[in-house]
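The values are calculated or read from the model by the stated rules, or taken from the named source; none is laboratory data. Treat the numbers as computed from the prediction; the structure is a model and nothing was measured. Please note: Cβ atoms are built from the backbone with ideal geometry, for glycine as well, and neighbour counts cover all protein chains shown. For accessibility, only protein heavy atoms count, side chains too; no ligands or nucleic acids. Shrake-Rupley method; radii C 1.70, N 1.55, O 1.52, S 1.80 Å.
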Amino acid sequence: MAIFLKEGRNPQDVQEADTKVRESVSKVIADIEAKGDEEVRNLSEKFDKWSPERFRLSDEEINEIVNSVPEQVVNDIRFAQEQIKNFAEHQKDSLRDIEVQTQPGVFLGHKNIPVNSVGCYIPGGRYPMVASSHMSILTAKVAGVKRVIACTPPIKGEIPAATVTAMHLAGADEIYILGGIQAMGAMAIGTETIEPVDMLVGPGNAFVAEAKRQLFGRVGIDLFAGPTEVLVIADESSDAEIVATDLLGQAEHGPNSPAALITTSRKLANETEKEIERQLQILPTADVAEAAWKDYGSILLVDTLEEAVVEADKLAYEHVEVLTEDPEYFLDNMTNYGALFLGPETNVAYGDKVIGTNHTLPTKQAARYTGGLWVGKFLKTCTYQRVTPEASAHIGEYASRLCDLEGFKGHKAQADLRVRRYGNKQQ
């Protein structure tokens, strides 16, 4: 039987906070829709103290910024982007346009068509999320998106040079130094100076995530994203140092980032709590990680690995590290997760920054029905059909009766017309 040795905050408290964010975002989006660039600038001044002559960087400004970045940083960015691009290209290769003949004279097919324009949000705030440039911009370009624009906020009144470099190297067609709800609204709604896009992607804080949620429908989105989550599944073969390190490594994202441990070992659970306390004394980001662990951390003791799978699927967390003797068991049996990290040799940081899989992943149990951002998210699988006259008459007889069965007389008329027109040719 599963037993919680530690639980996070009451879900009702979290829901109340979400409601306040929802109301605030709704008003801002309405103001951007009404006032365009004027409101975008007002919001940028208010929240980021940023009001340049123009938010879009010119080619000259981008080149100057890229040239200011140390060579080692540029090389590291290029290495990471090679890994993300390589995996995205392999994923795209797994997708094929098809055309099949399902009946004599009936040809059905589908084409994978890239979205025409995408807006990518690259978070700043507490940390400059350089890697998000690779994950969204580069993946969209591999998919074949014609126009990819990207927004990132200033950090303490400065342009984040490494982030802009990554955005440029990833292939962004337009780069804007603009953050928060104002960036999401401007890209989705459009302003006098920013042409709207067809789709929004990328992670962000609670306000950015809520803006995406409210703009969905007007534009497509990759997925609904909340605070980052990490689950570590461990048995007695693991050790407290690696478990604590990997839990706190994600908890440092923000004070509301859930971190959970499911284990079959009470000894490991107890040792992990002590090790977390020890590491929080020396971790430079302990102010954030400690708050997250205190309010959103949890430890669940289970009797068997089978029970661990059941509980892990209930959580449906974004990142799931498996530190057990047989990690493959979870690959074979788990169904609800954003990304799996199998064995102690890998970890969430690899996935977040460099190894090649995408770091934009489902949170808040969305892993029950979707995977993360990947090249396929930028492709529309659109069907088509082509029919010979003889096949049209044959299919039309069935269609006529089935339309009549449902009471769709206009639909029936379409079928009947083809039967009359093309059926005679068979005689």
>> Quick check on residue 320: is it aliphatic (A, V, I, L, M), at pLDDT 95 or above, in a strand (DSSP E or B) and out of contact with any helix residue (DSSP H, G or I) (no Cβ under 6 Å at 6 or more places or on another chain)?
In response: yes
>> Contact list please: Cβ distance under 9 Å, first residue in region 396-420 and touching a residue at least 24 places away in the same chain (Cβ under 8 Å), second residue outside any helix (DSSP H, G or I), pairs at least six apart or on different chains.
In response: 418/387
> Which one is farthest from residue 349 (Cα to Cα) among residues in region 203-231 that are touching an Asp or Glu at 6+ places or on another chain (Cβ under 7 Å) and surrounded by fewer than 24 Cβ atoms within 10 Å (Cβ to Cβ)?
Replying inline: 219
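Name the residue that is nearest to the chain's Cα centre (by Cα), counting only residues in region 375-427 that are of a type in the set (A, V, I, L, M), crowded, with 17+ Cβ neighbours inside 10 Å and part of a helix (DSSP H, G or I).
Here the answer is 375.
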> In region 280-296, which residues are open to solvent by 30 Å² or more (accessible area, probe 1.4 Å) and touching a Gly at 6+ places or on another chain (Cβ under 8 Å)?
Replying inline: 295, 296
> Which members of region 95-113 meet the condition of being out of contact with any His (no Cβ under 9 Å at 6 or more places or on another chain), open to solvent by 40 Å² or more (accessible area, probe 1.4 Å) and assigned to a strand (DSSP E or B)?
Replying inline: 100, 101, 102, 107, 108, 110, 111, 113
> Is it true that residue 365 is within 22 Å of the chain's Cα centre (by Cα), open to solvent by 50 Å² or more (accessible area, probe 1.4 Å) and not β-branched (Val, Ile, Thr)?
Replying inline: yes
> Can you name every residue in region 350-374 that is part of a helix (DSSP H, G or I) and either under 15 Å from residue 87 (Cβ atoms) or in contact with a helix residue (DSSP H, G or I) (Cβ under 6 Å, 6 or more places away or on another chain) (or both)?
Replying inline: 350, 351, 352, 353
> Scanning for something part of a strand (DSSP E or B), small (Gly, Ala, Ser) and open to solvent by less than 80 Å² (accessible area, probe 1.4 Å), does region 75-94 turn up at least one residue?
Replying inline: no
>> So the check is Cβ under 6 Å with 6+ separation or different chains; which pairs have a first residue in region 333-352 that's touching a residue at least 60 places away in the same chain (Cβ under 8 Å) and open to solvent by 50 Å² or more (accessible area, probe 1.4 Å) and a second one that's part of a loop (DSSP other than H, G, I, E, B) and among the polar types (S, T, N, Q)?
In response: none
> Out of all the residues in region 297-306, which are outside any loop (DSSP other than H, G, I, E, B) and open to solvent by 40 Å² or more (accessible area, probe 1.4 Å)?
Replying inline: 305, 306
> If we scan region 120-130, do we find a residue that is at pLDDT 95 or above, in contact with a strand residue (DSSP E or B) (Cβ under 7 Å, 6 or more places away or on another chain) and of a type outside the set (Ser, Thr, Tyr)?
Replying inline: yes
> Could you count how many residues in region 88-129 are under 17 Å from residue 178 (Cβ atoms) and free of Cβ contacts under 8 Å to residues at least 60 places away in the same chain?
Replying inline: 2
> Can you name the number of the only condition in (1) assigned to a strand (DSSP E or B); (2) open to solvent by less than 10 Å² (accessible area, probe 1.4 Å) that residue 166 fails?
Replying inline: (1)
> What residue, among those in region 353-362 that are more than 14 Å from the chain's Cα centre (by Cα) and β-branched (Val, Ile, Thr), is surrounded by the most Cβ atoms within 10 Å (Cβ to Cβ)?
Replying inline: 354
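Yes/no per residue for (1) assigned to a helix (DSSP H, G or I); (2) among the small types (Gly, Ala, Ser); (3) exposed (fewer than 12 other Cβ atoms within 10 Å of the Cβ):
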| position | (1), (2), (3) |
| --- | --- |
| 21 | yes, no, no |
| 27 | yes, no, yes |
| 33 | yes, no, no |
| 41 | yes, no, no |
| 46 | yes, no, no |
| 53 | no, no, yes |
>> Taking the criterion of being out of contact with any Phe, Trp or Tyr (no Cβ under 7 Å at 6 or more places or on another chain), under 22 Å from residue 363 (Cα atoms) and open to solvent by less than 30 Å² (accessible area, probe 1.4 Å), would at least one residue in region 265-272 satisfy it?
In response: no
>> Taking the conditions exactly as written (at negative phi, touching a helix residue (DSSP H, G or I) at 6+ places or on another chain (Cβ under 8 Å) and part of a loop (DSSP other than H, G, I, E, B)), does residue 129 satisfy them or not?
In response: yes
> Just a yes or no: is a residue in region 283-306 more than 20 Å from residue 343 (Cα to Cα) and at pLDDT below 95?
Replying inline: no
> Looking at this structure, is residue 143 more than 19 Å from residue 47 (Cα to Cα), aliphatic (A, V, I, L, M) and at pLDDT 95 or above?
Replying inline: yes
> Just checking, how many residues over region 151-180 are of a type in the set (Val, Ile, Thr) and without any contact (Cβ under 8 Å) to a residue 60 or more places away in the chain?
Replying inline: 3
